[in-house]
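Below is one structure, written out as structure tokens; the observations come after it.
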Amino acid sequence: MAKLKVGVLISGRGSNMHALIEACRAPRFPATIAVVISNEPSAPGLAKAEAAGLKTVVIDHRQYTSRTDFETAIDATLREYGVGLVCLAGFMRLLTAGFVEVWQDRLINIHPSLLPAFKGLNTHARALEAGVRVTGCTVHFVRPEMDDGPIIVQAAVPVLPGDDPDALAARVLGMEHRCYPLALRLIAEGRARVVGNRVAVDGGKPTADGLINPSDKR
Ligand code: GRF
């Protein structure tokens, strides 16, 4: 079967993009990255994508007078490369409802919290401030509201004594790098379908055991 062609949108470091690149290297992985687009000319992720031999395109939002023109350029590039699914990977521009609707159910995002908790920025500092014992990450289909939409994959990560936002971010990021390729595979295999506000997953084995934090062991 033909592989699903993916467009990855980044603004920065690109470690989630890199996880997707690594996954797509496997000969039997059902998706391939057709193009990486960055709105930031200096995004370190661009060099990583180029080192992997991928096509990269810079679409600098500062060069456009309106958000719609900026998004039209992104849309045109995605179409030029025959993209069937867009993966936001640390893309730091909000997309308009118009763009999101055109790419409805073909546009996914990764967010470093267990949505719907802690939408927006500074998730780890806010999770620590709230005193949660468990946080995590979410891969979801994008809807016009920020960090909203049907959830494909989530992973839970414990908050540990002594964590600061950076330590917690690093632990969650490790899980992000596992969850994003998994979500991409489920979609590319046609096993994750949007049904109303939820995602139905065919053949996914739910993890039976929960995560209790702290445990009662000394
Ligand atoms: C990740 O934590 C992702 O969840 C959030 O932005 C960060 C991007 O990191 N949306 P990277 O550029 O993928 O390393």
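Every number here is computed from the coordinates shown, using simple stated rules; none is lab data. This one's a predicted model, so the numbers in the text were calculated from it and none came from an experiment. Cβ sites come from the backbone with ideal geometry, for glycine too, and all protein chains shown count toward neighbours.
Distances between placed amide hydrogens fall under 5 Å for residue 153 paired with 139, all partners being 5 or more residues away or on another chain. 3J(HN,Hα) along segment 173-189: 4, x, 6, 4, 5, 8, 6, 5, x, 5, 4, 4, 5, 4, 5, 5, 7 Hz, from the Karplus curve 6.51 cos²θ - 1.76 cosθ + 1.60 with θ = phi - 60°, whole Hz, x for Gly and Pro.
Taking the C-alpha atoms only, the angle from helix 15-25 to the longest principal axis of the chain is near 70 degrees. Less than 5 angstrom separates the built amide H of residue 4 from those of 31, 32, all sequence-distant by 5 or more or on a different chain.
Would you kindly state how much longer the chain becomes between residue 217 and residue 101 on full extension, computed as 0.36 nm times their sequence separation minus their alpha carbon distance, in nm to one decimal? Kindly include the intermediate steps, with their values, before the conclusion.
Numbers: separation 116, 0.36 × 116 = 41.76 nm, distance 4.91 nm.
Length gained between residue 217 and residue 101: 36.8 nm.
Using a/c under 1.5 as the rounded threshold, could you call segment 1-103 rounded, prolate or oblate? The axes a ≥ b ≥ c are square roots of the C-alpha gyration tensor eigenvalues, and prolate needs a/b larger than b/c, oblate otherwise. Verdict is oblate for segment 1-103. Each label was represented as a point 7 Å from its Cα along the Cα-to-Cβ direction; for residue 92 and residue 119 these points are 2.1 nm apart. Ranking 169, 214, 187 by how far each Cα lies toward the positive end of the dipole of segment 162-218 (charges on Cβ) leaves 187 at the top.
Nothing charged except the Cβ atoms of Lys and Arg (+1) and of Asp and Glu (-1): what's the magnitude of the dipole of segment 95-180 about its Cα centre? Round to the nearest 20 debye. Numbers along the way, then the final one.
On the way: 7 positive and 10 negative charges, 38 e Å.
Value, rounded to 20: 180 debye.
For each pair in 5/55; 3/55; 55/119, compute the distance between the two Cα atoms and list the pairs where it is over 23 Å. Display every interim value, and only then the final one.
On the way: 5/55 13 Å; 3/55 17 Å; 55/119 31 Å.
Long pairs (Cα-Cα over 23 Å): 55/119.
Using the number of other C-beta atoms within 10 angstrom as an exposure proxy, rank 147, 69, 105 with the fewest first. All intermediate terms of the calculation are to be shown ahead of the outcome.
Working: 147 19, 69 11, 105 15.
Least crowded to most crowded, the residues run 69, 105, 147.
Legend: P(r) of segment 57-178 from all alpha carbon pair distances, 10 Å bins from 0, whole percents, reading 12, 40, 29, 16, 3.
The modelled label-to-label distance between residue 129 and residue 193, using points 7 Å beyond Cα along the C-beta direction, is 4.2 nm.
Is there a quick way to get the dipole size of the chain? I mean about its Cα centre, with the Cβ of Lys and Arg at +1 and of Asp and Glu at -1; what is the value in debye to the nearest 20? Write out the running numbers ahead of the final one.
Values: 25 positive and 22 negative charges, 126 e Å.
That gives a dipole near 600 debye.
Across segment 1-37, the residues whose backbone nitrogen lies under 16 Å from the label position 7 Å along the beta-carbon direction of residue 63 are 10-11, 36-37.
Considering only 66, 15, 42, the Gaussian network model of the chain with Cα springs below 10 Å gives its largest mean-square fluctuation to 66. For the pair residue 146 and residue 202, the difference between a 0.36 nm per residue extended length and the Cα-Cα distance amounts to 17.5 nm.
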